[in-house]
Amino acid sequence: MSVRPRMKELSDEERKSGFDEVEKGLALHQALPEASRCLFCHDAPCVSGCVAGIDVVGFIRRLKTRNFIGAARLAREANVFSAVCARVCPSEEQCERPCSSTNLAEPIAIGALHRFITDEELKRGIRPRQAGTPTGKKVAVIGAGPAGLTCAHELAAQGHEVTVYEAEDEPGGLMIYGIPRYRLPREVVNKEIEYALSPGVNVKTGVRVGKDISFDEIKKDYDAVFIGIGLGYRTQADIPGHDLPGALDAGEFLRLAALGEAPRLSGDVAVIGGGNVAMDAACTAIRAGADKVIVLYRRTEEEMPAWKREIEFARKEGVEFRYLVAPLRFVETDGKLAGIECVSTKLGEPDSSGRPRPEAVPGSEHVVDVSYAILATGQAPWPEAKEVFSGIELNPSGTVKVEPDTLATSVEGVFAGGDAVNGGKTVVQAVTDGKLAAKSINDFLSK
Ligand SMILES: Cc1cc2nc3c(=O)[nH]c(=O)nc-3n(C[C@H](O)[C@H](O)[C@H](O)COP(=O)(O)OP(=O)(O)OC[C@H]3O[C@@H](n4cnc5c(N)ncnc54)[C@H](O)[C@@H]3O)c2cc1C
């Protein structure tokens with residue numbers, strides 16, 4: 001039996017009936033003994049597993065002595081979105097993985113302890129950060145996701161005048177418009193956005209750079225620029241019939257759900273894809289009224305890019321998985337989607353991703369009857385980035401090309417980070433990029 005404490009969760013019925021947070025965090029009587037299991041290793045392998053460099057050993061030591069706020073502040077020094085990351089980081093792949101190399105039978109539940117201290121801090125309120133002594137320099141940040149907001153926060157704390165331009169009506173990026181609320185409640189994100197803006201960051205929401213203001217104007221008005229525009233919401237696959245009523249794009253579906261405007265679903269719903277977005281779309285479809293949700297994936301579970309915890313979460317909610325099956329086209333009845341013509345696949349030689357290539361099995365075509373299909377086959381870089389950010393060199397995939405050590409783009413004084421650069425990773429990676437870019441911008445402005 002596992003010695004690691006488990007968080008309390010909503011019951012099966014409760015979790016499917018709304019968007020309340022499913023995991024409820026550890027109780028004090030669970031957190032303290034778990035902190036006491038930590039060996040406080042002198043080389044702290046857990047810290048090397050956290051890209052943001054949170055002092056894990058330090059916060060667990062403070063937690064153990066019941067200094068919860070001190071523990072939370074230590075974590076926050078390294079990560080502006082500490083409470084968000086405590087909920088959404090794949091900790092078993094990050095800080096907890098190197099912890100397994102210690103003499104412990106099971107790694108410390110670092111993610112759950114991190115969540116415990118950030119919950120304590122949220123209850124009391126996060127202490128705002130002060131602006132630094134004014135430097136007289138102005139910086140524009142394009143995109144208010146975790147990368148842009150972190151960069152803005154750090155620069156304002158250094159005394160620069162920072163203005164964030166955000167296309168949506170609210171700042172937060174995918175923390176608001178992507179990750180579903182049952183995993184990441186809106187109140188948690190809002191409190192951390194407030195903290196991110198606390199050193200006096202200006203935000204202009206509803207302003208899309210390239211439409212409402214040009215990149216050239218921004219470059220002219222500011223001493224440095226950070227681009228943190230993330231990826232486009234739309235997915236890449238172009239399956240015939242994808243514009244039929246009933247065929248939905250996962251990014252758009254999740255965005256509507258975040259706004260409380262998701263279409264009401266009924267009958268059987270297929271989700272096409274095997275990544276985290278597919279898992280979120282599947283669990284959101286259940287909450288939107290689907291009778292049954294089936295994930296269709298063209299390889300096997302072993303090759304699925306979704307994190308194990310996300311797959312388990314979806315399975316717990318009753319999501320069904322069908323492997324080795326690829327969609328060919330959406331089938332129409334009376335002008336509406338009625339099914340998906342699929343072909344069975346088998347695994348062949350590795351492709352460019354290093355995973356075995358799914359090959360169609362001749363003669364295995366069949367129709368999966370569904371009322372709705374949600375396409376979750378990967379986000380792509382904003383197609384308009386080339387025109388909007390003219391002069392900025394892009395990679396062949398459409399992501400922004402940067403110097404890895406500084407996140408400098410091909411245009412002097414312009415830096416970039418987060419999903420727009422890495423093609424789609426994690427909140428903690430976006431935060432880390434935001435910090436590195438802020439340091440590089442500060443160095444650039446101090447020359
Ligand atoms: C459904 C889903 C679930 C996810 N789950 C997790 C998870 O559990 N854990 C995890 O760590 N990560 C998860 N991620 C990934 C994570 O959300 C992203 O890696 C992270 O948000 C990237 O941050 P960013 O700041 O680079 O971009 P974003 O969060 O995408 O923010 C970019 C911002 O830029 C704005 N913008 C774009 N173009 C313009 C423009 N021209 N002018 C002005 N503003 C503009 C956008 O509106 C957006 O607000 C998930 C992603 C999705 C889609």
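List of remarks:
- What separates the Cα centres of region 313-367 and region 261-304 is a distance of 13 Å.
- Solvent-accessible area, 1.4 Å probe, carbon plus sulfur percent, for region 387-447: 51 percent
- When the residues HIS29, HIS242, HIS160 are ordered by accessible surface, computed with a 1.4 Å probe over the protein chains alone, the sequence from largest down reads HIS29, HIS242, HIS160.
- For region 247-375, share of DSSP beta bridges that run antiparallel, in % to the nearest 5: 50 percent
- Counting only heavy atoms of the protein chains and using a 1.4 Å probe, MET175 has close to 10 Å² of accessible surface.
- Each part reduced to its alpha carbon centroid, region 1-67 and region 148-211 end up 26 Å apart.
- For region 12-124, the square roots a ≥ b ≥ c of the C-alpha gyration tensor eigenvalues yield an a/c of 1.5 or more together with a/b exceeding b/c, which makes the shape prolate.
- Mean-square fluctuations from a GNM of the chain, with a 10 angstrom spring cutoff on Cα atoms, peak among ALA360, ALA282, ALA257 at ALA360.
- For region 247-375, with all protein chains in place and a probe radius of 1.4 Å, 50% of the accessible heavy-atom surface sits on carbon or sulfur.
- Ranking VAL343, GLY230, THR333 by how far each Cα lies toward the positive end of the dipole of the chain (charges on Cβ) leaves GLY230 at the top.
- Among PRO98, PRO33, PRO362: highest mean-square fluctuation, GNM of the chain, C-alpha pairs under 10 Å: PRO362
- With all protein chains kept in place, the per residue accessible area of region 21-61 amounts to 44 square angstrom at a probe of 1.4 angstrom.
- Viscosity 1.306 mPa s, temperature 10 °C, Stokes-Einstein D of region 102-198 from Kirkwood C-alpha radius, µm²/s: 104 µm²/s
- For the residue pairs LYS8/LYS204; LYS24/LYS346; LYS24/LYS292, the C-alpha atoms sit more than 29 angstrom apart in LYS8/LYS204; LYS24/LYS346.
- VAL325 long-range amide H proximity, modeled H, under 5 Å: TYR297, ARG298, ARG299, THR345
- The distance between label points at ARG315 and ASP351 comes to 2.5 nm (points 7 Å beyond Cα on the Cα→Cβ vector).
- Peptides 258-269, 322-333 ordered by average Cβ neighbours within 10 Å, highest first: 322-333, 258-269
- Accessible surface of region 12-124, 1.4 Å probe, proportion on carbon and sulfur as whole %: 48 percent
- DSSP bridge analysis restricted to the chain gives an antiparallel fraction near 40%, rounded to the nearest 5.
- Integer Hz, Karplus 6.51/-1.76/1.60 couplings in order for region 217-227, x for Gly and Pro: 4, 4, 4, 5, 8, 10, 7, 7, 9, 10, 9
- The calculated P(r) of region 235-362, using every Cα pair and 10 Å bins from 0, goes 12, 42, 36, 9, 0 in percent.
- Over region 73-157, volume per residue of the alpha carbon convex hull, in Å³: 120 Å³
- Potential lengthening of the chain between LYS447 and SER397 amounts to 14.7 nm, from the contour at 0.36 nm per residue minus the alpha-carbon distance.
- Distance violations [Cα-Cα > 31 Å] among LYS64/LYS439; LYS316/LYS401; LYS64/LYS308; LYS220/LYS401; LYS211/LYS439: LYS64/LYS439; LYS316/LYS401
- Residues VAL3, VAL361, sorted by accessible area with the largest first, give VAL3, VAL361 [1.4 Å probe; ligands and nucleic acids excluded].
- Rounded to the nearest 500, the 222 nm mean residue ellipticity of the chain from helices alone is -10000 deg cm²/dmol, with -39,500 (n - 2.57) taken per DSSP H run of at least 4 residues.
- Taking only the alpha carbons of the chain, we obtain Rg and Dmax values of 22.6, 71 Å in that order.
- Residues of region 247-375: accessible area per residue with a 1.4 Å probe, Å²: 42 Å²
The values are calculated or read from the model by the stated rules, or taken from the named source; none is laboratory data. Computed from a predicted model, the values in this text were never measured in an experiment. Cβ coordinates were reconstructed from backbone atoms using ideal geometry, including for glycine residues, and neighbour counts include every protein chain displayed. Accessible surface is based on the protein model in full, side chains and every heavy atom, while ligands, DNA and RNA are left aside. Shrake-Rupley method; radii C 1.70, N 1.55, O 1.52, S 1.80 Å.
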